[in-house]
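Beneath this line is the structure, given in structure tokens, with notes to follow.
The values are calculated or read from the model by the stated rules, or taken from the named source; none is laboratory data. Note that the structure is a prediction, hence the values are computed from the model and not measured. Every residue, glycine among them, receives a Cβ derived from its backbone with ideal geometry; neighbour counts consider all protein chains shown.
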Protein chains: 2
Amino acid sequence: MPARNYGEYCGLAHALELVGERWGMLVIRELLTGPKRFTDLSRGLHRIPSNVLSARLKELEQHGVVERRILPRPSGSVVYALTDYGRELDEVLIKLAGWGARSAGEPREGDAVSVTALVLGLRGIFRPEAAGDLQATYELRIGDIVAHARVAGGELEVSEGPAADPDLTIEADTSLRRVLTGGHSDTIALTGDPALFERFAEIFRIEQVPGTAVSEEA
Amino acid sequence: MPARNYGEYCGLAHALELVGERWGMLVIRELLTGPKRFTDLSRGLHRIPSNVLSARLKELEQHGVVERRILPRPSGSVVYALTDYGRELDEVLIKLAGWGARSAGEPREGDAVSVTALVLGLRGIFRPEAAGDLQATYELRIGDIVAHARVAGGELEVSEGPAADPDLTIEADTSLRRVLTGGHSDTIALTGDPALFERFAEIFRIEQVPGTAVSEEA
DNA sequence: CTGGATCCCTCACGATACTG
DNA sequence: CAGTATCGTGAGGGATCCAG
């Protein structure tokens, strides 16, 4: 029982039938950083009902985007992973995340921020032309989530978890975004070479879309 | 009243709140080729209920993705157009369309194919590395829809409608896709330089994803 | 004829509870 | 831990109707 169908012979329509259902792309976002168990996915997408997660995983599996794997003994537990085909969505989701970040504004009451959101976000707003030949490793800590980014040769690599040997550790809350849009924050703690923070703010600068700052009601 | 919200502070989640509702991205697909009237949109997305189209347009407008314009006298009619911000989705939708095309298979009974779907599809599966320094203009006719593609300097430009001076006109049905995946069709009529068709099939080659040919039931 | 608004029905989603 | 079962609600689907 595949997704409802748009009645169009169109690559985009077909793509949306595969991954365009509600929560679909967010499940894929979680899996972009590696295989995850059902419970991990539940935690990463803390508002997703378990039956919806279950349904999405089944559909995505049927559509060849996600694979269900059973880990070798003794754990024997189940993990979900992207297929090669599913992993090809990486670039699309990064660009979409970058696009969305430009109009996101401040977090709303009760918004959660997950590691994978942070990882995808950084990749989405990365500006290679601003990185130049900088070579540095950043560790980011927002609340209790941790990720690290290595910039080198105009390329970026971001992963979950702490860095082995960071040049700069940035401990912040979501007001970090304000800095990236050209604003200011004084709740950010730096450990390491503080000069690297200015580079960070250039490399991950967000061009806020006008008129989309916070509220959306007319 | 914005779209339902995911409760996550994440660029991707926010993007999906803006354009991720059902039909949302397809409406944007229609507008990528220029401003359209309500009725044109209805025709391009022939299965969309008018109330849903109406709702999407309102939301997209509220979110700063689409603009509602009233044409100057004497027509005085209403058109919808992408904002600058909305137009930035171009690249994302092209990539997503290309991704979807790889697993699309043959059209189902009753599937429509619209001009904008063809335009986006061609752009999505374009392979610059296969174009080399070829310089050529193709005109495509599938059923009663017409588009043209100009390839030059490794770049591609596709538009609706006939070409002014095509080097090759390809008149086909949806079996054209079979050729692009390495198969064969004998319902394609060529007018112009037939040698250019081989180049066409390379430049727009589709790497079919295994196991996704036609059916999806296990 | 365009540009929608309205009504009703159905099913996907969302919340919660429960099981192997 | 890894999901399934149940059930209420509201968004989507389809048809029709109405104003400019």
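Here are the criteria: (1) farther than 22 Å from residue A:104 by Cβ; (2) within 13 Å of DNA strand C (Cβ to nearest atom); (3) within 7 Å of chain A (Cβ to nearest Cβ); (4) of a type outside the set (Lys, Arg). Tell me which single one residue B:13 does not satisfy.
(1)
For every residue, the table says whether it meets (1) modelled with pLDDT of 95 or more; (2) away from DNA strand D (no atom under 13 Å from the Cβ); (3) of a type in the set (Val, Ile, Thr); (4) within 17 Å of the chain's Cα centre (by Cα).
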| site | (1), (2), (3), (4) |
| --- | --- |
| B:33 | yes, yes, yes, yes |
| B:57 | yes, no, no, no |
| B:60 | yes, no, no, no |
| B:76 | no, no, no, no |
| B:96 | yes, yes, no, yes |
| B:107 | no, yes, no, yes |
| B:110 | no, no, no, no |
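What number of residues within the range A:33-83 are closer than 16 Å to residue A:115 by Cα and either more than 16 Å from DNA strand C (Cβ to nearest atom) or among the polar types (S, T, N, Q) (or both)?
Looking only at that region, the number is 6.
Return the total of residues in the range A:94-116 being within 23 Å of residue A:210 (Cα to Cα) and either touching a Leu at 6+ places or on another chain (Cβ under 8 Å) or more than 7 Å from every other protein chain (Cβ to nearest Cβ) (or both).
Within the range A:94-116, residues that are within 23 Å of residue A:210 (Cα to Cα) and either touching a Leu at 6+ places or on another chain (Cβ under 8 Å) or more than 7 Å from every other protein chain (Cβ to nearest Cβ) (or both) number 11.
Which strands (runs of 3 or more DSSP E) does the range B:135-210 wholly contain that include 1 or more residues that are more than 20 Å from residue B:117 (Cα to Cα) and touching a residue at least 60 places away in the same chain (Cβ under 8 Å)?
Once the strands (runs of 3 or more DSSP E) in the range B:135-210 are filtered for at least 1 residues that are more than 20 Å from residue B:117 (Cα to Cα) and touching a residue at least 60 places away in the same chain (Cβ under 8 Å), what remains is B:136-142.
What number of residues within the range B:38-54 satisfy the criterion of being of a type in the set (Gly, Ala, Ser), within 13 Å of DNA strand D (Cβ to nearest atom) and either at positive phi or crowded, with 16+ Cβ neighbours inside 10 Å (or both)?
Residues that pass the stated criteria total 1.
Test residue A:5 against the criterion of being facing another protein chain (nearest Cβ under 9 Å) and either assigned to a strand (DSSP E or B) or surrounded by fewer than 22 Cβ atoms within 10 Å (Cβ to Cβ) (or both), and give yes or no.
yes
If I filter the range A:155-165 for residues that are buried (at least 16 other Cβ atoms within 10 Å of the Cβ), in the same structural domain as residue A:122 (by TED's automatic domain parsing) and more than 19 Å from residue A:101 (Cβ to Cβ), do I get at least one hit?
Yes, the conditions are met somewhere in the range A:155-165.
Collect the residues in the range A:90-110 that are within 15 Å of residue B:16 (Cα to Cα) and part of a loop (DSSP other than H, G, I, E, B), keeping them in residue-number order.
A:102, A:103, A:104, A:105
Every residue in the range B:65-89 that is part of a loop (DSSP other than H, G, I, E, B) and either within 12 Å of chain A (Cβ to nearest Cβ) or closer than 21 Å to residue A:12 by Cα (or both), please.
B:65, B:83, B:88, B:89
For the list (1) among the hydroxyl-bearing types (Ser, Thr, Tyr); (2) touching a helix residue (DSSP H, G or I) at 6+ places or on another chain (Cβ under 6 Å); (3) over 24 Å from residue B:99 (Cα atoms), I need the number of the one condition that residue B:169 fails.
Result: residue B:169 fails condition (2) only.
So residue B:105 passes all but one of these: (1) at positive phi; (2) surrounded by fewer than 16 Cβ atoms within 10 Å (Cβ to Cβ). Which condition number does it fail?
Looking at each condition in turn, residue B:105 falls short on (2).
List the helices (runs of 4 or more DSSP H) inside the range B:17-64, counting only whole elements, that have at least 3 residues being more than 23 Å from residue B:88 (Cβ to Cβ) and either in contact (Cβ under 8 Å) with a residue 24 or more places away in the chain or more than 12 Å from chain A (Cβ to nearest Cβ) (or both).
Qualifying helices (runs of 4 or more DSSP H): B:38-44, B:50-62.
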